[in-house]
Amino acid sequence: MTPDEAIDILWNYHHVGQELRPADLIFVLGSNDVRVAEYAAELYKRHLAPVILFSGGMGRFTGGWAVPDAELFAEAAIKAGVPENCILIENKSTNTGENVRFSREVLKRAGIGEPVSLIALQKPYMERRTLATLQAQWPEARVAVSSPPVTFRGYLTAELPQELVVSAMVGDFQRILEYPRQGFSTEQPVTPEAMEAFRTLGEAGNDSQLLRNIPLPWKS
């Protein structure tokens, strides 16, 4: 398997391809890509949900930003035409689990209560891990996960170069394997091709976003 083939396999693996239907809430998990906020605004204007909740403080990739992810994303959504009174903000979380826990508290304080259904949005290569997290930590909700529709090469920018994105994909795949053992997420199906792609890209040095102190298949 070549590195380019491995990239395509892992990129596709991280997508879950769920159909979007009208829901109670658009739940946007923090990230370093404002295009996710713009996509949330697009779905809002398509009347897929009446409220958007942006969740994210200073996370793994955005600790150097001047404001929390959620606040920056909310600004982008307002510029894209979402009314401010249709936006909620959770700006303290630093990981996916906290996105869920802290956001549920925000909904409670706002008097909205628990949504029956939600559309969860993240970066393209975090779809599957987002689904696994929500299945474990928000099991009461009916969830559909989505991300901006873009190819791997179309996703790359000056701020999100290939080296960073591929390392992040490798790191998220490792978390999909490891987090169910810690109770953070549900088990996900893993194909032999995805495991081979993970190994190929890891062996090629795309390891900057891996969890430490975890045995790696290419070092066993």
Exercise. Would you list Val145, Val116 from the most to the least accessible area, probe 1.4 Å?
Worked result: Val116, Val145
Seminar exercise, completed: Carbon/sulfur accessible area of segment 84-217, % of total, 1.4 Å probe, equals 51 percent
For this session: Could you give me the radius of gyration and the Dmax of the chain, taking only the C-alpha atoms into account and expressing both in angstrom?
Result: 16.9, 53
Problem set entry | Pairwise centroid distance, computed over Cα atoms, of segment 121-196 with segment 70-119, Å | 20 Å
Exercise. Given a 1.4 Å probe and the protein chains all in place, what does the accessible area of Lys219 round to, in Å² to the nearest 10?
Worked result: 150 Å²
For this session: In whole Hz, with x marking every Gly and Pro, tabulate ³J(HN,Hα) for segment 84-100 from phi via Karplus 6.51 cos²θ - 1.76 cosθ + 1.60, θ = phi - 60°.
Result: 4, 6, 9, 10, 10, 10, 10, 10, 10, 5, 10, 8, 5, x, 5, 3, 6
Exercise. On the accessible surface of segment 1-63, probed at 1.4 Å, how many percent belong to carbon and sulfur atoms?
Worked result: 50 percent
For this session: Could you list the chymotrypsin sites (Phe, Trp or Tyr not before Pro) in segment 12-116 that lie in coil according to DSSP, counting only those with at most 11 other Cβ atoms within 10 Å of their Cβ?
Result: none
Seminar exercise, completed: Ignoring ligands and nucleic acids, Asp207 exposes an accessible area, probe 1.4 Å, in Å² to the nearest 10, of 50 Å²
Problem set entry | Phi to ³J(HN,Hα) by Karplus 6.51 cos²θ - 1.76 cosθ + 1.60 over segment 197-211, Hz, x for Gly, Pro | 5, 4, 5, 4, 6, x, 4, 7, x, 8, 10, 5, 10, 6, 5
Exercise. Placing +1 at every Lys and Arg Cβ and -1 at every Asp and Glu Cβ, with all other atoms neutral, what dipole size does segment 109-175 have around its Cα centre, in debye to the nearest 20?
Worked result: 60 debye
For this session: With everything on Cα atoms, drop me the angle between helix 35-45 and the longest principal axis of the chain, reported from 0 to 90° to the nearest 10.
Result: 40 degrees
Seminar exercise, completed: In nm², the average projected area of the convex hull spanned by the Cα atoms of segment 1-109 is 8.1 nm²
Seminar exercise, completed: Sorting Arg181, Arg199 on solvent-accessible surface, 1.4 Å probe, most exposed first, gives Arg181, Arg199
Exercise. Using +1 on the beta carbon of Lys and Arg, -1 on that of Asp and Glu, and nothing else charged, what's the dipole of the chain about the Cα centre, debye to 20?
Worked result: 460 debye
For this session: Principal axes first, then extents: for the Cα atoms of segment 93-220, list largest minus smallest coordinate on each axis, whole Å, largest first.
Result: 50, 34, 25
Seminar exercise, completed: Probe 1.4 Å, heavy atoms of protein chains only: per residue, the accessible area of the chain in Å² is 47 Å²
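The values are calculated or read from the model by the stated rules, or taken from the named source; none is laboratory data. Just so it is clear, the model here is predicted, and its values are computed rather than measured. We place every Cβ from the backbone using ideal geometry, glycine too, and count neighbours over all the protein chains shown. Keep in mind that these areas ignore ligands, DNA and RNA; they rest on the heavy atoms of the full protein, side chains included. Shrake-Rupley method; radii C 1.70, N 1.55, O 1.52, S 1.80 Å.
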